[in-house]
Amino acid sequence: MSHYFSCPNNVLRLSSHVLIVGTLMTLAGILFAYLLDLQLSIPQQVVAHGGVILGPTLIKIGYVMRLLAQYAMRKAERLATCVAA
C-alpha cells in the first residue's frame, strides 16, 4: 500500500476522487438535511447531517492530498532538471 502512495500520480488521481465524493456528499447532505427534512425520519436526518459534516472533511483531505502530490511532482521535476544540467 505504501508503494501506491509513493507515486504522486496515484495520489493526485485519488485526491480527485476524494474531492468528487466529498462534494457529492456535501450537496446530498444539504439537500436531504435542509431541503427535504420534512419527508425524512429522524435516523435519516441524522445520516443526512452526517453527510454535511463528513463531506467538507473529505474535501479538505482531498485538497491536502492534491497539494502534497503536486509538491512531490514539482520536487521530482526539479531533481530531474538538476541531474540533466
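The values are calculated or read from the model by the stated rules, or taken from the named source; none is laboratory data. Remember, it's a predicted structure, so these values are computed and weren't measured experimentally. Reconstructed Cβ throughout: ideal geometry from the backbone, glycine too, with neighbour counts over all protein chains shown.
Do you know which residues across segment 6-57 are under 30 Å from Glu77 (Cα atoms), out of contact with any Gly (no Cβ under 7 Å at 6 or more places or on another chain) and among the polar types (S, T, N, Q)?
Ser6, Asn9, Asn10, Ser16
Filter segment 34-85 for residues that are small (Gly, Ala, Ser) and modelled with pLDDT of 95 or more; which is farthest from Val18 (Cα to Cα)? Outline the logic, then answer.
Taking segment 34-85 and keeping what is small (Gly, Ala, Ser), we get 41, 48, 50-51, 55, 62, 69, 72, 76, 80, 84-85.
Still in the list and also modelled with pLDDT of 95 or more: 41, 48, 50-51, 55, 62, 69.
Numbers: Ser41: 28, Ala48: 18, Gly50: 17, Gly51: 14, Gly55: 10, Gly62: 5, Ala69: 14 Å.
The selected residue is Ser41.
Filtering segment 42-85 down to residues that are within 19 Å of Met25 (Cα to Cα) and loosely packed, with under 11 Cβ neighbours inside 10 Å, which residue is nearest to the chain's Cα centre (by Cα)?
Of everything passing the filter in segment 42-85, Pro43 is nearest to the chain's Cα centre (by Cα).
Taking Pro8 and the conditions (1) surrounded by 15 or more Cβ atoms within 10 Å (Cβ to Cβ); (2) more than 11 Å from the chain's Cα centre (by Cα); (3) modelled with pLDDT of 95 or more, which numbered condition does it fall short on, given that it satisfies the others?
(3)
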